[in-house]
Structures are given as structure tokens and as C-alpha cells.
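Have a look at the structure below, then the notes.
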Amino acid sequence: MKPIYAWLFLFIASVTMAQTPVMTWDFETIKDGKAIEPATQIADTIEGNFQEAPGVRGKGLRLDGFTTRVIRTGKETVKPGEALAIEAWVSLGEYPENWCPVITTESDEVKGYRLLIGPYGQVSFETAISEQWVVCSSANETVPLRKWMHLVGVYTAGEAMTLYVNGKAVSTIPIDGALTYPKKNDCIIGMVTAPRRPSDTIRTWGTIPTYYGLSGIIDEIMVFDRALTASQVKSRFSKVPVGTPDIQAHRLPTIKKNPGRFGAFYTKLKYHDAWDNLWRVDQDPDIVVCFDNSPVKFIFWRGIRYGPSWVSENENWMTDQSLETWGNGANDIEGCFEHMQDRHCRFSHVRIIESSDARAVIHWRYALVSGHDHIWMPDPKTDWGCWADEYYYIYPDGSAIRKVSWQKGSTGRAVQYQESLPVTQPGQRSEDLLEDDYVRVADYDYNTTAVSVDPSTKSSDWKRDYTIQQFQFKSKNKPYICF
């Protein structure tokens, strides 16, 4: 019987060794902005705004999606060898701007490895194999929002890479060669290693790369120097009792209590903590106009660069692109110039001129800027560029008059004065906001027609000069505009 007991002992020991990680982030102990690894007591820096949060086991780490990342120095980053497994529990509050690492050691896609989540909820396990960057990815919407997801990437030199989601293999590719590990690169968790552009960029020259990260909670991130088997991955997933993550759905800001009377007032609108914490503003940076007998609101919020927004009784938003210009041909070097590019409201400002029982008057002043924070057509002598002043005369019946002014010639040849923009709530689709006939247009001779998502229903008299439009919100109150 002795040989049998010895064999059993060795078998149990080998299983235990196979599932012992060489790097662990369980976030149970965070001291002075550092995550302490339990086995080694290595203290990894946590940068940016973060919070402790309930994880799948004990504590997790809440990432803000803008500033948070965990850094393990290259000196303390273990290089696993010819086999590797990465494990992580992740719950997202929103999808990242583009592909974003859960964990990465990569160096310009020529060395290292990374486990990422994409802008459409995809997952990808990627490695540098024999001077090639090898990608093993899932389909879109593999990772839903506000649910705990178990992600595992497994690599074996000369054999295969496999990606697992919630205990199941979702992608496997054969490989020929071995992973090349970087010698000095830091291991980064929760953020891109360098500024990147967002996904689905229309004009690359008008879009600047920025840092971005994951928004949500991470927990139990582990790196192994052995390849986990399919049964081990399944077992590790099934043994963790998964609850509901402490993540609230993001909603565009609103006021907690309508004052029940007509008038404009200053306030500080709140979106969600991670976004709110970025802003260097004191009290009352925003303006809201309410009405006596209507739940509709007229909002000037810094999140939309103070562009005026009509908000229906069920929180459907309609704003406007306002004044916009751009270069043509060789002069198109930075894309569009408009208030929406003013991400920090450096040039956009709003103030209340009047608020009485008869009317409210709001003054909105802004410069037309590019994504590079450059003003359109600055004068070489004075540095004055294109600035616009808009006055809104708002009345108790829920109507408003818009007056726009700018210096003649300051817009250049190309200019757009108005473009209605329905704003979707996070997670809301256009079909949730609008009817299939999403706009009705009319002229002052009572001719009307509908604009449909189905182009085959386009009216034969479409060329008529329509001067009135109403967006068909799925709400009782629908925004309209008359020219």
C-alpha cells in the first residue's frame, strides 16, 4: 500500500503546484495607495481615483475608467516561461473607449502578453510569439455590463492559446513558437500603457490619443507559470459564488426635485462619481430652467459643453451642435471646430442674465475649437479666433427663442448653424428613444411629412422647403424647432 499512498501524495502536490499563481492581486490589503500581494508583500502602486469595493471574494478594486491603474515594476514582474495562464474577475460599469487591458506586460506589440476588453464587450488574449503579435479573441458583447465575468487566457509554447469566459473556451488558436517576454516593462492593470485613440474614429487627424481605462470592479487577478487545463478553469469559475456587483447604471444628470415654478437657477448636476471627480469646479457650474406646469427641463450642463438641452418628462435629451466650421482639402488639418470639442470647457461658459415670472434669459458664449484645443482661424496679430454668443429667451409655456451672433468672416467659408442631436442615455439605443418615423417636418403652409428610418418611405415631395421639425421622442413632450 505504501507506493499507492506515495503516488496519491505526489498527485495531490502536483495539482496544488499547478494552480499556485506567481503573481496575485486580491486587493484585500490596500495601504497608502498600494495593493499588497499576500504571499510576497510586494506593494504595487495604485494611481488615480479608486475605491475599495465588494469583490467576488472579499474586497475588489473599483476603477474609474479615466485615471486608475495598478503598476507592478518590471523588476518585480515575473516572467512565467513556456506556459502561462492569466485569470481575472471583472465587472464593467461601461465599455472602454477602445481595447483596454485588464492586465498587460506588452511592449509595442513585439514583446509580452495582455488580456483585454474591447469597446463592444469583446475579450482578447494576446501574446508576442516568434516576432509576431498573436490574437485570440471573442465575439462582440461577450462581456455584459454590471455582471461578474471570469476571464482566463492560457498559453503553451508550440501548442496553442485559449481564451475562456465564465469557464468555457470561446476561442482557441494553434501557435508555433514561444512567447517573448519584455525584460524591463512594468505590468499594468486596468489602463492602456500609452495614449490611444477611441474606437470608430472618423477623422484620425482630428482626434488625439488619450489615456483611458476600465470602468468597473476587478478582483482576484492571477498569473500562473503553468497552463491551466479546461477542467481546472471550469472548476475555478464554478467554485466562486458570484453575487451582484455594486455598480449602478449610469444616467445623464437630472435635478432631484423640481421647484414647481418657472425660472432659471444655478446648480451642480451630478452624473456619476468617477466622472464628477474629474472636474475642477466649485459649486453651481451648471444652469437648469424649469416650468410651472410642465415636467420638461432646459439644461445647460458642462458635460455637453453647455450646449442647451431640452429634457422630456422621462429624461430623453435633445441638444444641438450649434455653430460649426471646418477646413477643406489641404486646409482640413484638425477636423471639425465646434463647442463639442471643448472637453474641459476652457472656452465655453454660461450665465443667467434674467429670471423673472415673464421669462428667463441665458447667455452662452463659446469658441469654435478642434480636438487639439485650437481655436478656429486665429488672427495672426490679435490671436482672436471665431467666438459665438447665443442668447436664449425662455418663456413659461415651454418655448424659447435662440439668437446667435459671431463676427462676420470669422467662420471662414464652411459653416453650419444648427443640427439637432438626440442624446442617448448610457445603454440606451436610438430605437429606445425615437419612433421609426423619428422626425416630422412641416412648412408654414401646413404641408407635413415624416422622416423614417426606412429610406424607401421617403416622400415624393421631399424637396419642399420645410422650416419646422419635431423629433418623435417616445415621450409625451417632444422637442421641436422652427426656422
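Just so you know, all these numbers are worked out from the coordinates, no wet-lab data involved. What you see is a predicted model; the values in this text were computed from it and never measured. Glycine also receives a Cβ, built like all others from the backbone with ideal geometry; neighbour counts cover every protein chain displayed.
Numbers at a glance
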{"quantity": "Relative contact order %, region 444-483, counting alpha carbon pairs below 8 Å whose residues are six or more apart", "calculated": "28"}
{"quantity": "Crossing angle, helix 2-18 versus the chain [Cα axis fit, 0-90 degrees, rounded to tens]", "calculated": "30"}
{"quantity": "Local electrostatic count, Leu179, Cβ distance below 14 Å [Lys/Arg +1, Asp/Glu -1]", "calculated": "-3"}
{"quantity": "Efficiency of FRET from Cβ geometry, Ala169 and Glu28, R₀ 30 Å, rounded to 0.05", "calculated": "0.50"}
{"quantity": "Low-density loop positions, trypsin sites (Lys or Arg not before Pro), region 118-196 - DSSP coil, at most 16 other Cβ in 10 Å", "calculated": "Lys147, Lys183, Lys184"}
{"quantity": "37 °C / 0.692 mPa s Stokes-Einstein diffusion coefficient of the chain, Kirkwood radius on C-alpha pairs, µm²/s", "calculated": "127"}
{"quantity": "Where labels lie 7 Å past Cα in the beta-carbon direction, separation of Ala194 and Thr40 in nm", "calculated": "2.5"}
{"quantity": "Added length on full extension, which subtracts the Cα-Cα distance from 0.36 nm per residue, Glu109 to Lys256", "calculated": "48.1 nm"}
{"quantity": "Relative contact order (percent, whole number), the chain, Cα cutoff 8 Å, 6+ residue spacing", "calculated": "12"}
{"quantity": "Fully extended contour minus Cα-Cα distance, from Trp384 to Gln428, at 0.36 nm per residue", "calculated": "11.8 nm"}
{"quantity": "Most to least packed among 431-439, 155-163, 122-130 [average Cβ atoms within 10 Å]", "calculated": "122-130, 155-163, 431-439"}
{"quantity": "Whole-Hz ³J(HN,Hα) from phi, Karplus 6.51 cos²θ - 1.76 cosθ + 1.60, for region 467-476, glycine and proline x", "calculated": "10, 10, 9, 9, 7, 8, 4, 7, 7, 6"}
{"quantity": "Region 263-428: relative contact order as a whole-number percent, Cα under 8 Å and 6+ apart", "calculated": "20"}
{"quantity": "By average C-beta atoms within 10 angstrom, highest first, the peptides 283-290, 185-192", "calculated": "185-192, 283-290"}
{"quantity": "Between region 204-267 and region 380-419, the alpha-carbon center distance in angstrom", "calculated": "38"}
{"quantity": "Greater than 26 Å apart at Cα, pairs in Lys59/Lys111; Lys270/Lys474; Lys147/Lys256; Lys184/Lys239; Lys75/Lys147", "calculated": "Lys59/Lys111; Lys147/Lys256; Lys184/Lys239; Lys75/Lys147"}
{"quantity": "Extension gain (nm, one decimal) between Asn331 and Asp282, 0.36 nm per residue minus Cα-Cα", "calculated": "13.7 nm"}
